[in-house]
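Beneath this line is the structure, given in structure tokens, with notes to follow.
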Amino acid sequence: MEEFRLERLARFPGVKRPLVLVVMDGVGNFLGDPEGYQYNALYKADTPNLDRLASFEKIVTRLAAHGTAVGLPTDEDQGNSEVGHNALGAGYVVSQGAKLVNDAIEGPLFESSTWRELISYIKERSGSLHLIGLVSDGNVHSHIKHLFALIDGAQRDGVTRLFVHGLLDGRDVDKRSAQRYFGELEEFLEKKRNEGLHYCIASGGGRMVVTMDRYEADWSIVERGWRAHVEGTSDAPYFPDALTAILSLRKETDLDDQYLPAFVIHAPDDPQKPIGRILDGDGVVFFNFRGDRALEISRAFDEKKFHKFEKRENPEVFYAGMLEYDGDAKIPRRYLIAPPVLEKTLGDYLAANGIRQFAMSETQKFGHITYFWNGNNSGVYVRRHGIVQRVQEILEQDDVLEVQEEIPSDIVKTFADAPEMKAPQIAARAAEVIRAGGFDFIRLNFANGDMVGHTGDLGATIVGIETVDRGLGLIIDAVDEVGGTLIVTADHGNAEQMVGWDSKKGDIKRTDEGPVVQVSHTLNSVPFIIHGPDTARFRLNLFSPSPGLGNVAATVLNLLGFEKPAQLLAPIITVE
């Protein structure tokens, strides 16, 4: 780890430790028309602690958290928790999943060894190709154009039977927009059928209740997906097509897309037979590019000794992910596109220079403050036999340089029913760790702004923000008590814009029924505040364009008294 050794700042020994960084997940800055503030949970909430910081601190600014500033293809792409924490932890901009896939579907993907093996496997066994993933253009977990490209590629390579197992979004796009996306998909597949191919939608369900669980919060979500995609069963009756399923289930449940239950499409000649369940000799591709909600379904297909739920059917298939979703754990075993390589991250530099780290969040964002923060790598930093390394299991003789602590999230139907989430417990534990000493750099994530914001429930999101603010107050008190320094920021926007905003018209999006509820992330900047006894020595650097999340890592190093390495973006401050 010699290449990670850092020089000390000449004029500043660093702040008194600990340096604490709080990520308010999904809390951005809304800069639209003042009328929009009535739909801004951050503005409507009572936030005395945030208000105090923003009003009196010298170091208060905004950071770019979307688009090209965090490695996404265009500035029309929303930020998200994955790329936001990647940028925060890496300290530089790296091409993210969407851009990698955009580049690969132009040709390299279909020449990859995994794709060629997949096609050969299917043909040799007279099997079918199954494509599972989120069907929308949200560009956070997937994009419908990637699905279309895979379908075209399968046709070019002679695959005659293909089934799509489509998950409904309603989270990164409008909450009831599935008819549009599944309508486009059905039209696309109909053209293939007119060319003599057996290409159909086979099953689906809302992303929050079918297949796309994360951080092992609720394996029953993955089990429902397995039942629908693999076994061809669900709690609902079979449907003749996906649009009928969506409209029928919505009428029956009055739920938004992301919460609609699993459904299965029946064969045209037999209403009691699923049209395309996954069988021995088939190929399966999970076409989401984002990793957090792809890991568990990948494990269900890949792991030989799988015990998270009972598989009534367990076919022998060729399974591949769009990307490698966990580089350390090697999940999945096969993937179509190499993931972004994040080398020499902030965590690497801190560990190599003896900085002891503590990371904490509840389950819903635990992987973000750990795995994504550390450059899409799991494990923790230790010094073993004098060598700093990242390990999956800590041995008794290890000198532990990073502690990761998870507070289990509640399993709820919607976080609008429990908007406080685990913020009180996180704040209390963080204050305890700050006062106890022993860590130089502490980072934590409050999930409320994002997870409650995604429900579209303004009242619940206000409660969530107020809970985060109270937690922030406990942390400020603890930091002040020990003389430490606090950074407050966010990974992307969400809660600050709870209705759609038409930037071209400069007005709220409306229908005859009123403002259009928005449950997705935003294109807004996020706050950045430094609070502590040394802030009078700091001044904001001038940036053109504005600084982004990637500039935070170098700032952390400077605050700890280190020169930034050349690889990292410029710090947000200069020490006077």
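Could you tell me how many degrees, from 0 to 90 and to the nearest 10, lie between the Cα long axis of helix 242-253 and the main elongation axis, the longest principal axis, of the Cα atoms of the chain?
Roughly 60 degrees, rounded to the nearest 10.
Over the Cα atoms of the range 352-498, what is the Rg over Rh ratio if Rh follows Kirkwood? The partial results should precede the final answer.
Numbers: Rg = 16.5 Å, Rh = 16.3 Å.
Dividing the radius of gyration by the Kirkwood radius yields 1.01.
Highest mean first, what order results for 422-428, 226-232, 254-260 on Cβ atoms within 10 Å?
My ranking of the peptides, most packed first, is 226-232, 254-260, 422-428.
Using Cβ contacts closer than 10 Å as the measure, can you line up F306, F415, F30, F56 from fewest to most?
Ordered by Cβ neighbours within 10 Å, fewest first: F56, F306, F30, F415.
Size of the dipole of the chain about the Cα centre, Lys and Arg at +1 and Asp and Glu at -1 on the beta carbon, nothing else charged, in debye to 20?
Roughly 780 debye, rounded to the nearest 20.
Which whole-number percent is the relative contact order of the range 448-557 (Cα, under 8 Å, 6+ apart)?
Relative contact order comes out at 28 percent.
Can you list residues whose amide H is under 5 Å from W501's amide H, if they're 5+ apart or on another chain and H is modeled 1.01 Å from N?
Counting only residues 5 or more places away or on other chains, the set is K509.
Sort 431-441, 343-353 for me by packing, meaning the mean count of neighbouring Cβ atoms within 10 Å per residue, highest on top.
Details: 431-441: 16.8, 343-353: 21.8.
With the highest mean Cβ count within 10 Å placed first, the list reads 343-353, 431-441.
Give me, ordered by chain and number, the residues 5 or more places off V400 or on other chains with an amide H under 5 Å from its own placed amide H.
Those lying under 5 Å, H to H, from V400 are R383.
Quick one: angle between helix 458-482 and the longest Cα principal axis of the chain, in degrees between 0 and 90, rounded to 10, please.
30
Loop only per DSSP, at most 11 neighbouring Cβ atoms within 10 Å: give me the trypsin sites (Lys or Arg not before Pro) in the range 467-567, ordered by residue number.
Of the trypsin sites (Lys or Arg not before Pro), the ones in loops of the range 467-567 whose Cβ has at most 11 other Cβ atoms within 10 Å are K504, K505.
Please list, short to long, the whole-number percent of alpha-carbon pairs of the range 99-337 in consecutive 5 angstrom bins beginning at zero.
1, 7, 15, 21, 22, 18, 11, 4, 1, 0
Which of the pairs K99/K504; K123/K192; K311/K413; K145/K504; K44/K251 have their Cα atoms more than 30 Å apart in this structure?
K44/K251
For a quick size check, give me the Cα extents of the range 292-432 along its three principal axes, largest first, whole Å.
48, 42, 29
Could you give me the percent of Cα pairs per 10 Å distance bin for the chain, shortest bin first, beginning at zero and ending with the bin that holds the maximum distance?
Calculated P(r), rounded to whole percents: 4, 18, 28, 25, 16, 7, 2, 0.
Every number in this text was worked out from the coordinates using simple rules, so none of it is lab data. As the structure is a prediction and not an experimental result, all values here were calculated from the model. Neighbour counts are summed over all protein chains in view; Cβ atoms, including those assigned to glycine, are modelled from backbone coordinates with ideal geometry.
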